[in-house]
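Okay, structure first, notes after.
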């Protein structure tokens, strides 16, 4: 095939690919937000004084990290309707992946919190600052710097994991490619193109993280 | 007036800080056993004693970084009773108000690494006392000027030497305009050649009349600068008096042994206390 033939071949599918890629980005952002919320709650829960909360947090992390993401997605999308909770594929997907990633985020946040020397909190409290001011002004800014590399990795995993949602009829990039291939019988070209698009998106993500990391390293 | 009279405290009307029968245990280990101490405005009290004698814990009980198990604390308008279930136990808001008036400096400086020197100094006055930013900056600049670090205002703590960091930590506490300053072995983590600049700053504060409590291993400094020396032994105050008296004519054999050991270490080189 010459280049112009290639172009003619792909061109009709470009808008569809762009749309599917946009959906991947939207899914990723929503899943990350859910996972950070879950992660923060569970990380603090694991350090809680209250036994039940601590045990629930430990169970959550144990269950989520010990079972496949695909099964978790199936439980939420196919299983919950049996219990009277029917969710759209999109909502079920965001929820399932968010809960999944949240367990990993919780462990990352916990390790970040434990890396802050006790003296940082003490010097703040000794000046009369409240616990919440100390958390917000002194502890969390330092935690963010420490966990940024791990959080970036987790975000990249999340982006790639959105492809699992092709199994519950969310027409994101992977399912879109599959539908084209079903009519064109060109799996190599279209799966390769799909891989390149994922690669572009994950590369962009790590570039942003590298920039943030450089900015955060200014005081080290 | 006091249930437990403090030996040889200068007799002026009302002490700035009054502590009675303070007790603190960690698990089964009783660290402080009925400590009573009165400190008057302008006094510079050095606290000496072997490692594990409770002197640092005592200092940390004064601003309630450690919650005592019992005893009374009076500081200006704050009156606390630490007995379990007592009505006088401090609320979080009362603790913040107390700590805002008592400065504390730690062995390991504990400057906040993500903030510049200036930001470290203005943070608490702005957050805790609601001082407007311009005013807090002016105050901080004056204090940094005084310690010769005005040109470092924009630098991050990691760019400063240990001695510079510790002096900024002192200034950070001073920016709250405290009525009392607590120094917890503030020169122990410093290289020997940097100890002098920190001690000089503390000496100048003492000369200005700042009320200070300092846990220290610098016997020479305690002798020259403090108005009073307290010797802690096994969770009790074993001796209390003018530094020259306590240090030159120690009454107890424990203090004699302690001084011999510490002064010997001074001659031998390392001033640090064995862990």
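The table below gives the values:
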read-out: Over the protein assembly as shown: helical MRE at 222 nm, DSSP H runs n ≥ 4 each giving -39500 (n - 2.57), nearest 500; value: -17500 deg cm²/dmol
read-out: Percent RCO, i.e. relative contact order, over the range A:158-220, from Cα pairs under 8 Å lying at least 6 residues apart; value: 22
read-out: Alpha carbon Rg of chain B, scaled by the compact-globule rule 2.2 N^0.38 Å; value: 1.00
read-out: log10 of Debye I(q)/I(0), alpha-carbon scatterers only, for the range B:165-206 at 0.16, 0.25, 0.26 Å⁻¹; value: -0.39, -0.93, -0.99
read-out: Cα gyration tensor shape for the range B:19-86, rounded if a/c is under 1.5, else prolate or oblate; value: oblate
read-out: Debye log10 I(q)/I(0) at q = 0.09, 0.10, 0.18 Å⁻¹ for the range B:82-241, Cα point scatterers; value: -0.33, -0.41, -1.16
read-out: Net lengthening on full extension, residue B:26/residue B:97 (0.36 nm per residue, minus Cα-Cα); value: 23.0 nm
read-out: Paramagnetic reach from residue A:150 (point 7 Å along Cα→Cβ, amide N under 16 Å) across the range A:88-112; value: A:101-112
read-out: Largest-first ellipsoid semi-axes for the range B:1-156, taking √(5λ) over the Cα gyration tensor eigenvalues, angstrom; value: 33, 18, 17
read-out: Over the range A:1-130, volume per residue of the alpha carbon convex hull, in Å³; value: 211
read-out: Rounded D (µm²/s) - the range A:132-180, Kirkwood Rh over Cα pairs, Stokes-Einstein at 10 °C, 1.306 mPa s; value: 119
read-out: Mean separation of Cα contacts under 8 Å (6+ apart) over length of chain A, as relative contact order %; value: 25
read-out: Alpha-carbon radius of gyration plus Dmax, which is the widest Cα pair, for the protein assembly as shown in Å; value: 30.7, 103
read-out: Contact order normalised by residue count of chain B, Cα under 8 Å, 6+ apart, percent; value: 24
read-out: Whole-number D in µm² s⁻¹ for chain A, Kirkwood Cα-pair radius fed into Stokes-Einstein, 25 °C, 0.890 mPa s; value: 124
read-out: Simple label model, 7 Å out from Cα along Cβ direction - residue A:211 to residue B:79, nm; value: 6.1
read-out: Inter-site label distance for residue A:9 and residue B:87 at 7 Å from Cα along Cβ, in nm; value: 8.9
read-out: Backbone N under 20 Å from the residue B:248 label point (7 Å along Cα→Cβ), restricted to the range B:200-224; value: B:218-224
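Laboratory data are not the source of any read-out in this text; all were calculated from the coordinates shown. Given the structure is predicted, the values throughout are model-derived calculations rather than measurements. Because the Cβ atoms are built from the backbone with ideal geometry, glycine has one as well, and the counts that use them run over all protein chains shown.
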